[in-house]
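The values are calculated or read from the model by the stated rules, or taken from the named source; none is laboratory data. Since we're looking at a predicted model, the values are computed, not measured. Don't worry about glycine lacking a Cβ; one is built from the backbone with ideal geometry, like all the others, and counts go over all protein chains shown.
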Amino acid sequence: MTNANIPFLDLVTVHREFEGELVEVLKNALKTAGFIGGPMVQGFEEEFARFCEAQLCVGLGSGTDALRFALIAAGVKSGDIVITVPNTFIATTEAISQAGARPDFVDIDPQTYTMDPAKLREYLERRCRWNPKTRQVVHNATGKPVTAVVPVHLYGQMADMDAILDLASQYNLKVIEDACQAQGAEYFSQKDSRWHKAGSMGQAAAFSFYPGKNLGACGEAGAMTTNDEQLAQTCRLLRDHGQSKKYFHDIEGYNGRLDAIQAGFLRVKLRHLGTWNEQRRQAAERYGKLFAGVQGLLTVPHQPSWARSVYHLYVIQVEDRARLQQKLTDAGIGTGIHYPVALHLTKAYEHLGYHVGDFPIAEQSATHILSLPMFPGLTADQQERVVSEVLQSLSATAPSAH
Ligand SMILES: *Cc1c(COP(=O)(O)O)cnc(C)c1O
């Protein structure tokens with residue numbers, strides 16, 4: 001028992017409890033042939049908007065669709081520059097490119113792994129100029145307008161939104177939150193002294209319901225949230241071939257709809273999301289206690305006073321990651337790396353011309369981070385075993401402490 005394998009993520013146990021409800025969703029869809037759109041999708045959109053404290057939600061085929069459609073709907077055009085961070089899943093920058101823009105990066109804060117607002121300010125002040133005629137910032141080196149910023153709420157924790165939103169309003173940038181890893185995360189804004197949910201702060205936000213996310217479908221799914229009716233309406237057109245009415249195409253769009261069976265599954269699972277997020281927080285707290293006192297050997301996640309993370313991932317940093325990961329694999333403990341290559345150094349972006357050293361903090365984290373098992377239902381026993389294996393491995397390599 002004590003040596004049983006511990007998965008990185010358990011997607012089997014979690015569905016057992018309400019398997020009956022999921023099967024009912026499927027049976028209902030078969031009975032009514034309601035596969036696309038309809039009350040299931042609308043119901044989920046209303047419930048998820050409420051959960052995010054946003055006015056509107058548009059159900060989509062994936063988180064990537066949500067990012068792409070939100071950027072296009074927010075007005076990002078061919079030839080624009082959109083700023084994000086190098087340490088995110090490639091979908092963030094794929095969506096920027098697919099909207100016709102060029103992704104550019106600013107480095108992250110070393111403690112939170114999210115966009116460093118000071119770096120964003122530096123980029124806008126030093127590498128761009130303000131064009132008062134177009135009311136746009138123009139990137140000096142390329143002459144392209146910078147029109148949007150995509151902060152990524154990585155590992156379940158929101159980026160420092162007050163500072164980012166201030167800069168965005170000063171420089172007339174749209175803010176599209178990549179909230180794919182952050183369903184239910186919160187940010188404390190100094191502006192109105194209250195907590196705000198991920199997906200309610202930017203012009204729009206993108207969510208993914210890929211199975212492994214905090215709220216996961218049983219297949220592919222995503223959504224965008226916004227308080228802007230015009231923006232939501234454009235996303236509704238984009239997801240459905242630009243149709244305002246069947247076969248009347250106002251614009252050219254995409255096939256990016258949320259399917260009704262997935263929407264039904266998501267409605268069942270959304271009712272548990274608050275509990276699951278709370279379980280993840282408790283698990284993170286337990287890891288924190290178990291790792292207390294060995295801070296010299298590893299870095300644990302940092303939650304600033306303005307953030308309430310939903311711990312999509314529990315990410316530590318160590319000096320010799322390869323060795324630790326191998327040790328844990330040998331001990332039957334699943335781990336992950338999110339992500340091993342900073343995007344500016346990924347082969348797909350060779351043509352953008354970045355070099356090693358351009359974003360040193362993102363690069364340093366890419367080579368040192370390790371994601372430990374984290375999912376609702378992870379037990380205290382399992383966590384004790386993970387931590388004991390980590391500490392054994394680290395103390396075997398650490399220089400003696402005197
Ligand atoms: C999962 C994820 C996406 C993409 O979502 P899909 O539903 O897989 O398209 C985008 N950004 C981040 C940060 C993600 O984690």
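Tabulated data
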quantity	calculated
Phe51 being more than 22 Å from the chain's Cα centre (by Cα), more than 16 Å from the ligand (Cβ to nearest atom) and not β-branched (Val, Ile, Thr)	no
Hits in the range 146-160 (condition: more than 16 Å from the ligand (Cβ to nearest atom) and in contact with a Phe, Trp or Tyr (Cβ under 6 Å, 6 or more places away or on another chain))	none
Residue pairs meeting the criteria (Cβ under 8 Å; at least 6 apart or on separate chains; first assigned to a loop (DSSP other than H, G, I, E, B), in the range 220-237; second within 16 Å of the ligand (Cβ to nearest atom) and of a type in the set (Ser, Thr, Tyr))	Glu220/Ser62; Glu220/Tyr210; Ala221/Ser62; Ala221/Ser208; Ala221/Tyr210
Filter result (more than 23 Å from Ala179 (Cβ to Cβ) and assigned to a loop (DSSP other than H, G, I, E, B)) within the range 301-339	Val318, Glu319, Asp320, Ala331, Gly332, Gly334, Thr335
Residues satisfying the stated conditions in the range 379-396, i.e. of a type in the set (D, E, K, R) and out of contact with any helix residue (DSSP H, G or I) (no Cβ under 9 Å at 6 or more places or on another chain)	Asp381, Arg385
Residues of the range 322-364 satisfying the condition of being of a type in the set (A, V, I, L, M) and buried (at least 19 other Cβ atoms within 10 Å of the Cβ)	Leu324, Leu328, Ile333, Ala342, Leu343, Ile361, Ala362
Filter result for Val58 (assigned to a strand (DSSP E or B) and assigned by TED's automatic domain parsing to the domain that holds Leu215)	yes
Residue tally, condition over 16 Å from Ala221 (Cβ atoms) and either among the polar types (S, T, N, Q) or not in a strand (DSSP E or B) (or both), over the range 247-270	5
Residues that are closer than 16 Å to Ser395 by Cα and either surrounded by fewer than 13 Cβ atoms within 10 Å (Cβ to Cβ) or assigned by TED's automatic domain parsing to the domain that holds Ala198 (or both), drawn from the range 289-318	Ala292, Gly293, Gln295, Gly296
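Let's see how each residue does on (1) within 13 Å of the ligand (Cβ to nearest atom); (2) touching a residue at least 40 places away in the same chain (Cβ under 8 Å); (3) in contact with a Ser or Thr (Cβ under 6 Å, 6 or more places away or on another chain):
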position: His15; (1), (2), (3): no, yes, no
position: Lys27; (1), (2), (3): no, no, no
position: Lys31; (1), (2), (3): no, no, no
position: Gly34; (1), (2), (3): no, yes, no
position: Ala66; (1), (2), (3): yes, yes, no
position: Ile81; (1), (2), (3): no, yes, no
position: Ala101; (1), (2), (3): no, yes, no
